[in-house]
1. Can you tell me which of 50, 94, 9, 30 is in contact with a helix residue (DSSP H, G or I) (Cβ under 8 Å, 6 or more places away or on another chain), farther than 22 Å from residue 309 by Cβ and modelled with pLDDT under 95?
2. Being farther than 19 Å from residue 174 by Cα, free of Cβ contacts under 8 Å to residues at least 60 places away in the same chain and surrounded by 13 or more Cβ atoms within 10 Å (Cβ to Cβ) narrows it down to one residue among 68, 63; which is it?
3. So, in region 235-261, exactly how many residues are modelled with pLDDT of 85 or more and surrounded by 16 or more Cβ atoms within 10 Å (Cβ to Cβ)?
4. Does at least one position in region 148-166 carry a residue that is under 30 Å from residue 362 (Cβ atoms) and not in a loop (DSSP other than H, G, I, E, B)?
5. Go through region 125-163 and report how many residues are under 22 Å from residue 369 (Cα atoms), at pLDDT below 85 and in contact with a helix residue (DSSP H, G or I) (Cβ under 9 Å, 6 or more places away or on another chain).
6. Restricting attention to region 105-115, which residues are crowded, with 20+ Cβ neighbours inside 10 Å and either modelled with pLDDT of 90 or more or within 22 Å of the chain's Cα centre (by Cα) (or both)?
7. Give the number of residues within region 115-147 that are more than 17 Å from residue 355 (Cα to Cα) and in a loop (DSSP other than H, G, I, E, B).
């Protein structure tokens, strides 16, 4: 009698669980919460860090705040539209997307705007597009599709391993002509991380990785301005008013922040002592105003998003959705490395690379592309859940019969 009542209770509980919205949810809402939290922190810090420079340049202290707000709204609208695109379309059009990335990188060299010696931006009326940002996403889509087509070849022989590196080499060359070594490094690390996860042989991985690292080191050594960045990173205090100026100011911001920070709006370094305070070095201002606690919160949000992307990739591969799995892996590696480089550069751990903090820094192209990447993760999760729900409903109908 007791056993029958227990079984009946379990059946009622399972039936109730199946009827709850959470059990039947067709996408993971935590992605929205993570993105919203990072949007909010970024918006507050962009406003705080940019007010002095915005007042001087545009006679409006809220100029960059308004601009950043518009890009967030635009990112959300584009994200909603991208959410409607099935992953099969991403897979099908991965080749044309790659060609469009190459076209943009060629176009920026011809008609691009040059700022601080770098030609990276295409100006379309009031909108400025940084060609390297969509190039990253489109290349990773192509790379995921290649892994599906040639996974056995990648695992078994050197030819399959080297083919995607040739494509990467073409993109890297176009990026170095801008020049943009930071994006090249991010794409390099993501490519090799994905090849490694796809099952490439360790000796191939180590050999090409050492070759690539040697090439990057040579590019830095034989370029005076890049080498100045490396040497100033190693000892910024040797020339605190020259090549080491930006990093020393950033380190002072970190030092003033201590554990709990000086309070929102109380940064001194943002008073135009620290260049690019609202873009590449927004984390330094966050550290000064919010301290170690503020940095820890942002890193926790970023790590959570990265871990969810990697776990989603693993889940997709187990469901035999290989393109989706490799794409999610690529996005996770991309987010993690770009976050590490941005925070590391502002903290003096790595040389400055001019990379934005995902979903935090000011920068329209970066904000839109990073939002699309999060939406792609949501779409992958949605399709996996939908597949599971359909399988469950089919199984239930069979059992009813």
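1. Of the residues listed, the single one that is in contact with a helix residue (DSSP H, G or I) (Cβ under 8 Å, 6 or more places away or on another chain), farther than 22 Å from residue 309 by Cβ and modelled with pLDDT under 95 is 50.
2. 63
3. Counting residues in region 235-261 that are modelled with pLDDT of 85 or more and surrounded by 16 or more Cβ atoms within 10 Å (Cβ to Cβ) gives 13.
4. no
5. The qualifying residues number 3.
6. 105, 108, listed by residue number.
7. Within region 115-147, residues that are more than 17 Å from residue 355 (Cα to Cα) and in a loop (DSSP other than H, G, I, E, B) number 2.
The values are calculated or read from the model by the stated rules, or taken from the named source; none is laboratory data. Just so it is clear, the model here is predicted, and its values are computed rather than measured. Neighbour counts are summed over all protein chains in view; Cβ atoms, including those assigned to glycine, are modelled from backbone coordinates with ideal geometry.
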